[in-house]
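Engineer: My questions all concern the structure below.
The values are calculated or read from the model by the stated rules, or taken from the named source; none is laboratory data. Because the structure is predicted, anything quoted here is derived from the model rather than measured. All Cβ positions, glycine included, derive from the backbone under ideal geometry; neighbour counts span all protein chains shown. When the accessible area is computed, the model is the full protein with side chains, heavy atoms only, and any ligands, DNA or RNA have been set aside. Shrake-Rupley method; radii C 1.70, N 1.55, O 1.52, S 1.80 Å.
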Amino acid sequence: MTRKTHISIKHISKVFPDGTRALHDINLDIAEGEILVLLGPSGCGKSTLLRTIGGLEQKSGGDIYFYNKEVSQVPVEDRNVGFVFQNYALFPTMTVRENIAFGLKLRKMAKAEISRKVDSLLEMMELVEHAEKKPRQLSGGQQQRVAIARVLAIEPEVLLLDEPLTALDAKLKEYLRIELGQMLRKLGITAIYVTHDQLEAMSIADRIAVMNLGVIEQVDTPERIYSSPKTDFVADFIGRINCVKGKMVSGADGLFVDLGFIQLPAPSGTEKRAGDEVNAYLRPEDIELVGTKADNSGNIIQAIAEQCIFMGDCYHVVARAGNEEIFFEVPNGARIKIGETVQVKLNAEKLIVL
Amino acid sequence: MRRLANTLFLGPTLLLFGLFFILPMGMLVIFSFQGADGFTLDNYIQILTNPRYSKSLWNSFWLSVVVTAGTLVLSGLIAFFLARTEFKGKNLYMTLITFPASLPGVVVGFMIIVLFGNTGVVPMLTRQITGKAIGSFAYTITGIFFAYLYFMIPKIVMTVHGAVVEFDRRLEEAARTIGANELQALLYVVIPTLAPAFISAAAISFYTSMGAFGTAFTLANQFEILPIIMYTDFTLNFKIGSASAIAILIGVICVTLNMVSRVLLEKE
Amino acid sequence: MGNSIVSKAFKVLAFVLILLTSAFLIVPIIFTVLGSFSAYWGQTMFSRGLTMRWYEYVFYYYGHTIKITLLISAVTVVVNTILGSMAAYKVCMAKNAHSKWIKFFEEILTLPTAIPGIAIGLALAQAYAVMRQSGILILIGHIVFTFPLIFRTVTGALRSTNFRAVDEAAASLGAGPIRRFFTVIFPAIRVSVLSGAINVLLLSLGEFNITFFLYTPFLMTLPVGMYESYASLRIEVGSAFTTLFLVLAIPLSLLLNRLNKSKTM
């Protein structure tokens, strides 16, 4: 499935007047109808990048293309982007209907046509009975739907969403995450979505761009971001993961990673060579408890349990192997005492070496 | 003991206000309804029917309207400028332009004499540039208008500045992204959202202008506006009844608009 | 495109207006100070050099007005600091703090700022004409008129934090109302009390509208003296007199600014 490139960002950089460098040489292509999520910790530049694409910030260098047309000189009001803000930024003095109609009125559309269009949006967003209310009379979820209806009314070329779920409480957030994802897919509109919440990113994105300190660390599908992080930052930022310092060594049948307490076969296709110092990563779900009886079949280590915390559906175990601490999960049935020696099997196929 | 403490805390204040605020104000009301033969509404009716009073009411009203309009525009501009521009010496600038709010009315009048008097700064400069002195209108209605602007602008800048600073700029950005240019965003989104603060400021400006005395008196003590007419009636014409009625009328306008402005600001 | 030209023109216009307004507010203050040292302020300012003569003149003929004003303002500040903060404490902490009576008191006590000074001045002049000669009426007028400034500042401070709980805690430990006020509450709100007191001082120093109905030729305050000098004397004298007032008012304003900033932080 190769789709036409819709938005192309080339060498974008942004330096704020006070000298802070917010974006550094950003390159990114977004396909028509794709949902791209910009994910990163606060202050990583993701919102600045989104605002630059939308025309709310001026870039310091580089180009932004919408279908091969450079848009940097196009003022924000003519860029035809639908921007959904974190707190929705609904106009407090206008009713829901007036909020949605605002962009159409500015376009001098005929009254009858405006009201027809607004009606259909109200229906689509299930807001019909709230049409005459002021924004402050609505719940968070309803406000969000008004914000989306308001930008959809102008039939934007691109939808830009800046942390649209962050202002909501946890329960509603989980529900809307699914609903919003479905809606975006149904609309088929090209969308860029900024969040710091990886669950949100995973469930909504076609692709995720992980950002840190003003640069994009990796752009990939959610699955690949999780299973094959390309940088230490991505490995560490996405999900929970064990990190152990190691060294590449060559053994009898190929390259190995020496972790001190065990040598594991190096992942196939690694560019590391014997003698390289590396960080080895393994996710907790790739470590499995195999009982306390002696068993020397492949990639099994012994570790001393240091903490065992009840989490409801499982236990979180922290154990010491050699000089390293590793953590993993064990099912409810398994009883592990602190200080006890346990045997775990490491799934070497899932090992990540960076 | 408890009762004694209560009396000690509030008692002297209530005594002071009872004797020197409520009682005199009450007497003022009574005087305003007193004619040669007892109770009368004449003192109030004449404000509307007697040309001397109706004209000064009209003058006061229009002066306050024009001053309020000018103040809102100029203070609004300065408040937005202060809220949205960062520059060196901003604190000093803010201190300087808000300082006139703490000047007494008579000094404000003098500031206008310094600017627009016969040897004022503006005539002095224009004479040097064009050879002819322009702008020596301190002692006219124009002078009074500028004088009222002089003390209203700093006061209203302080009143609306907070609201402008707290205004969520994302509302403006939201308007921009769905197709509004800067002016449209200002007109349709920013100003309506800030309307309560500005209406409240307008109320303050209007009633302060209606009740101001020292400034106008310094510049033109013959000028026919209500406060000056009231003073003349009391001191020169000894018309206690009509002076009291004017004082009560101005007082009622001021207290009412003061309440309006407070309610609006609390809504914010 | 047409819009962006309108927008640009609007911005330029706005900037010019801001510049002119700022100059309008600041320039006369500067020229007042300059003019007070000018030997002759005619078509130019310093054509005949500098002098201190106008200050000597003001001190000689109007020195007494400065003294009277300082005295009246000082007494006003002391009285209102005590009355205002105690009344505010009572209004905020009373068991029945939300009753209609307390609300009504509060409205009455803040009313003098809403009513124009001339109305209060006229009312006092008519009701207590006999007291006018002694000058005590000027002082009373100042106290009543400036009272709301400190009262409002202190009630605001008392309501911003949960002083009620603090007060009740102190009461439960056995402190009576007077001890609670002076050892627990007052130290915590002293910045607000101070800024309220400075507000009172500034207003009292410059009070004209009420005083003008109450003064006698022998008991003239500084603003009344200034008025007289503006109306009948040279502009240089007016400048010197005004500059003397500014010397009193500017430091107080700066201090007030600083206090208000430290309060919000």
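Engineer: What about A:Ile148, is it among the β-branched types (Val, Ile, Thr) and crowded, with 21+ Cβ neighbours inside 10 Å?
Structural biologist: Judged against the criteria, A:Ile148 is a match.
Engineer: Looking at region A:243-264, is at least one residue part of a loop (DSSP other than H, G, I, E, B), of a type outside the set (A, V, I, L, M, F, W, C) and surrounded by 15 or more Cβ atoms within 10 Å (Cβ to Cβ)?
Structural biologist: Checking region A:243-264: not a single residue is part of a loop (DSSP other than H, G, I, E, B), of a type outside the set (A, V, I, L, M, F, W, C) and surrounded by 15 or more Cβ atoms within 10 Å (Cβ to Cβ).
Engineer: Still on this model: Have a look at B:Leu226, B:Leu236, B:Leu265, B:Leu257 and point out the one that is within 11 Å of chain C (Cβ to nearest Cβ) and either of a type in the set (S, T, N, Q) or open to solvent by 10 Å² or more (accessible area, probe 1.4 Å) (or both).
Structural biologist: The unique qualifying residue is B:Leu257.
Engineer: Cβ contacts < 8 Å: first residue β-branched (Val, Ile, Thr), restricted to region B:81-101; second residue open to solvent by 70 Å² or more (accessible area, probe 1.4 Å), any location; separation 6+ or different chain. Result?
Structural biologist: Going by the 8 Å Cβ cut-off, the qualifying pairs are B:Thr95/C:Leu254; B:Thr98/B:Met158.
Engineer: Could you check how many residues of region C:66-102 are open to solvent by 20 Å² or more (accessible area, probe 1.4 Å), polar (S, T, N, Q) and within 16 Å of the chain's Cα centre (by Cα)?
Structural biologist: 1
Engineer: For region C:206-237, which positions are more than 30 Å from C:Ala123 (Cα to Cα) and facing another protein chain (nearest Cβ under 8 Å)?
Structural biologist: Within region C:206-237, just C:Ile235 meets the criteria.
Engineer: Going through region B:204-223 one residue at a time, which ones are closer than 19 Å to B:Leu264 by Cβ and open to solvent by less than 10 Å² (accessible area, probe 1.4 Å)?
Structural biologist: Once the filter is applied, which keeps residues that are closer than 19 Å to B:Leu264 by Cβ and open to solvent by less than 10 Å² (accessible area, probe 1.4 Å), region B:204-223 yields B:Ser205, B:Ser209, B:Met210.
Engineer: Any idea which of C:Ala169, C:Ala188 is over 21 Å from C:Asn257 (Cα atoms), open to solvent by 10 Å² or more (accessible area, probe 1.4 Å) and more than 11 Å from chain B (Cβ to nearest Cβ)?
Structural biologist: None of the other options fit; the residue is C:Ala169.
Engineer: Given the structure, is C:Lys11 open to solvent by 20 Å² or more (accessible area, probe 1.4 Å), at pLDDT below 90 and within 11 Å of chain B (Cβ to nearest Cβ)?
Structural biologist: yes
Engineer: Looking at region C:22-39 only, could you name the residues that are among the hydroxyl-bearing types (Ser, Thr, Tyr) and surrounded by fewer than 22 Cβ atoms within 10 Å (Cβ to Cβ)?
Structural biologist: C:Ser22
Engineer: Still on this structure, I have one more. Within region B:213-240, can you find the residues that are within 17 Å of B:Pro51 (Cα to Cα) and in contact (Cβ under 8 Å) with a residue 60 or more places away in the chain?
Structural biologist: B:Phe223, B:Glu224, B:Ile225, B:Leu226, B:Pro227, B:Ile228, B:Ile229, listed by residue number.
Engineer: Still on this structure, I have one more. Only one of these is at the interface with another protein chain (Cβ under 10 Å from one of its Cβ atoms) and of a type in the set (S, T, N, Q): C:Ser36, C:Ser22. Name it.
Structural biologist: Exactly one of C:Ser36, C:Ser22 is at the interface with another protein chain (Cβ under 10 Å from one of its Cβ atoms) and of a type in the set (S, T, N, Q), namely C:Ser22.
Engineer: Another one. For region B:176-187, enumerate the residues that are part of a helix (DSSP H, G or I) and within 7 Å of another protein chain (Cβ to nearest Cβ).
Structural biologist: B:Arg176, B:Thr177, B:Glu182, B:Leu183, B:Gln184
Engineer: So, one more: Kindly check whether there is at least one residue in region C:127-138 that is in contact with a Gly (Cβ under 8 Å, 6 or more places away or on another chain) and within 11 Å of chain B (Cβ to nearest Cβ).
Structural biologist: Scanning region C:127-138, I find no residue that is in contact with a Gly (Cβ under 8 Å, 6 or more places away or on another chain) and within 11 Å of chain B (Cβ to nearest Cβ), so the answer is no.
Engineer: Report, by residue number, each residue of region B:134-174 that is open to solvent by 60 Å² or more (accessible area, probe 1.4 Å) and within 14 Å of chain A (Cβ to nearest Cβ).
Structural biologist: Selection gives B:Glu166, B:Arg169, B:Arg170.
Engineer: Now, a different point. All but one of (1) under 29 Å from B:Phe151 (Cα atoms); (2) part of a helix (DSSP H, G or I); (3) within 9 Å of another protein chain (Cβ to nearest Cβ) hold for C:Val6; which doesn't?
Structural biologist: Every listed condition holds for C:Val6 apart from (1).
Engineer: Can you find a residue in region A:76-92 that is of a type in the set (Ser, Thr, Tyr) and either touching a strand residue (DSSP E or B) at 6+ places or on another chain (Cβ under 6 Å) or open to solvent by 50 Å² or more (accessible area, probe 1.4 Å) (or both)?
Structural biologist: No, region A:76-92 has no match at all.
Engineer: Taking the condition of being open to solvent by 30 Å² or more (accessible area, probe 1.4 Å) and either farther than 21 Å from C:Ser47 by Cα or touching a His at 6+ places or on another chain (Cβ under 9 Å) (or both), how many residues in region B:101-133 meet it?
Structural biologist: Total meeting the criteria: 2.
Engineer: Does region A:110-124 contain at least one residue that is assigned by TED's automatic domain parsing to the domain that holds A:Leu172, crowded, with 20+ Cβ neighbours inside 10 Å and not in a helix (DSSP H, G or I)?
Structural biologist: no
Engineer: Right, here's the next one. Give region C:63-120 a look and list any residue that's farther than 26 Å from B:Ala203 by Cβ, in a helix (DSSP H, G or I) and among the small types (Gly, Ala, Ser), or say none.
Structural biologist: The answer is C:Gly63, C:Ser73, C:Ala74, C:Ser85, C:Ala87.
Engineer: Just to be sure I understand, how many residues within region B:96-129 are at the interface with chain C (Cβ under 8 Å from one of its Cβ atoms), over 16 Å from the mean Cα position of the chain (by Cα) and closer than 17 Å to B:Phe145 by Cβ?
Structural biologist: 7
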